[in-house]
Ligand SMILES: [Mg+2]
């Protein structure tokens, strides 16, 4: 595993800062992503579900019911072609909810997208952003990602090309994953580590903050158990600036290679101080949504990289643009997720593999979720998971399984 040093990123960030105020130009897809025949979106359907979980995870709890909420999105074109997407709202991560995402798709996005060319991704995003407007950044990005992913799948299915091929890229056969550790008790740590090791995982990501002393004890223990693993620390924005400045050099001394989202994203000057501290590469996550926002953060020296997630960024178009920007700035792209199930997971796997992700992906859907609605569920082996091949997302939704999960999710909530 490459060792990451803060210094590597400084030069790249400076280049972008000197490059002017304009967002770099972006190609929506490789040449030739055209429908063989003119076609229109005929129907958009939303299927709200709650995937049962197999391990507790603090983000997936709440008053509206358990499980991992998701909205499966089915887009049918007027020639009968179908694409599947998935919106994955979790209000404890970001303000979107299962109910709001479902209604936004059915009542706000479906009417304005019906009749449009499904291959016109630029136009689709423009009208979605007009109908559900941005505030500081893209409005309801997780909801919109479900539409974006479904259109990519549809384009791939129609042209017989995998997503990566739509971008003029190729993928590897599998991706290395990391195992997520989150517990408020040190005595619970060993069984969680053991479970990851037993399943063949070699790399671990830990949820830290707000208790900085606990965090140091935790990473010290994990490092003792797994000395060679990539130990990625994510604070989910829960440190104060003072605690983050205290923790970063100490986490670095314990062997942590990156610190993700130490403080809330709106604390811009705080991010500048953490980056200037140069203790650890600072990654951003929650609240970092649009490419324009990433561009501003890079220019202002607020981050050394981004923990990418197509779900959080409003879909694959935005995520791809951000990765290209980070690459050209010499900054870091790590691959993570929102405990993505099935369809959303397939999109992330293809994206990360197509863009040559260098570090273990924190895609922990298979770790936490106990059910699947695709015909060949993703099952990691030896800490790796296959990258789906075949047209579009390379997965097939089993509509009977989906119907059944929709029904059970309704009766349980
Ligand atoms: Mg994160």
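Would you work out if segment 178-267 is rounded, prolate or oblate? Take a ≥ b ≥ c from the square roots of the eigenvalues of the alpha-carbon gyration tensor; rounded if a/c is under 1.5, else prolate when a/b is larger than b/c, oblate otherwise.
It is prolate, given that a/c is not under 1.5 and a/b is the larger ratio.
When DSSP assigns beta bridges and you keep just the ones with both residues in the chain, what percent turn out antiparallel, to the nearest 5?
Rounded to the nearest five, the antiparallel share is 50 percent.
Measure nothing fancy, just the Cα-based angle from helix 141-159's long axis to the longest principal axis of the chain, in degrees from 0 to 90, nearest 10.
Orientation of helix 141-159: about 60 degrees from the principal axis.
Under the 0.36 nm per residue contour assumption, what length would be gained going from the current alpha-carbon distance of residue 59 and residue 404 to full extension?
Net length gain for the segment: 121.7 nm.
Just check segment 268-389 against the gyration tensor rule for me: Cα atoms, a ≥ b ≥ c as the square roots of the eigenvalues, rounded for a/c under 1.5, and otherwise prolate or oblate depending on whether a/b exceeds b/c.
Prolate.
Expressed as a whole percent, how much of the Cα-Cα distance distribution for segment 58-145 exceeds 15 Å?
61 percent
Sort out for me the Cα centre separation of segment 331-349 from segment 36-115, rounded to whole Å.
Centre-to-centre distance over Cα atoms comes out at 16 Å.
Which of 242, 346, 361 ends up with the largest GNM mean-square fluctuation for the chain, with Cα atoms connected below 10 Å?
Between 242, 346, 361, it is 242 that shows the largest mean-square fluctuation.
Based on the alpha-carbon gyration tensor of segment 44-100 and its eigenvalue square roots a ≥ b ≥ c, which shape applies: rounded if a/c is under 1.5, prolate if not and a/b is larger than b/c, or oblate?
prolate
Using a Förster distance of 25 angstrom, determine the FRET efficiency expected from the C-beta separation of residue 183 and residue 240, and round it to 0.05.
0.70
Taking N as the number of residues in the chain, what value does Rg over Cα atoms divided by 2.2 N^0.38 Å take?
Ratio of Cα Rg to 2.2 N^0.38 Å: 0.94.
Given R₀ = 51 Å, FRET efficiency for residue 224-residue 40 by Cβ-Cβ distance, to 0.05?
After rounding to 0.05, the efficiency reads 0.30.
For the pair residue 277/residue 120, report the inter-label distance in nm, with labels modelled 7 Å from Cα in the Cβ direction.
Distance between label points: 4.8 nm.
Between residue 174 and residue 190, what is the label-point separation in nm under the 7 Å Cα-to-beta-carbon projection?
Calculated label separation equals 2.9 nm.
Helix 212-225: angle to the longest alpha-carbon principal axis of the chain, degrees 0 to 90, nearest 10?
90 degrees
Taking 0.36 nm per intervening residue step and subtracting the Cα-Cα distance, what contour gain separates residue 197 from residue 127 on full extension?
20.6 nm
Give the distance, in whole Å, between the Cα centre of segment 377-408 and the Cα centre of segment 237-258.
37 Å
Report, in degrees rounded to the nearest 10, the 0 to 90 angle that the Cα long axis of helix 241-253 makes with the longest principal axis of the chain.
80 degrees
None of the figures in this text is laboratory data; all of them are computed from the coordinates on show. These numbers come from a predicted model, not from an experiment. Note: ideal-geometry Cβ built from the backbone for every residue, glycine included; neighbour counts use all protein chains shown.
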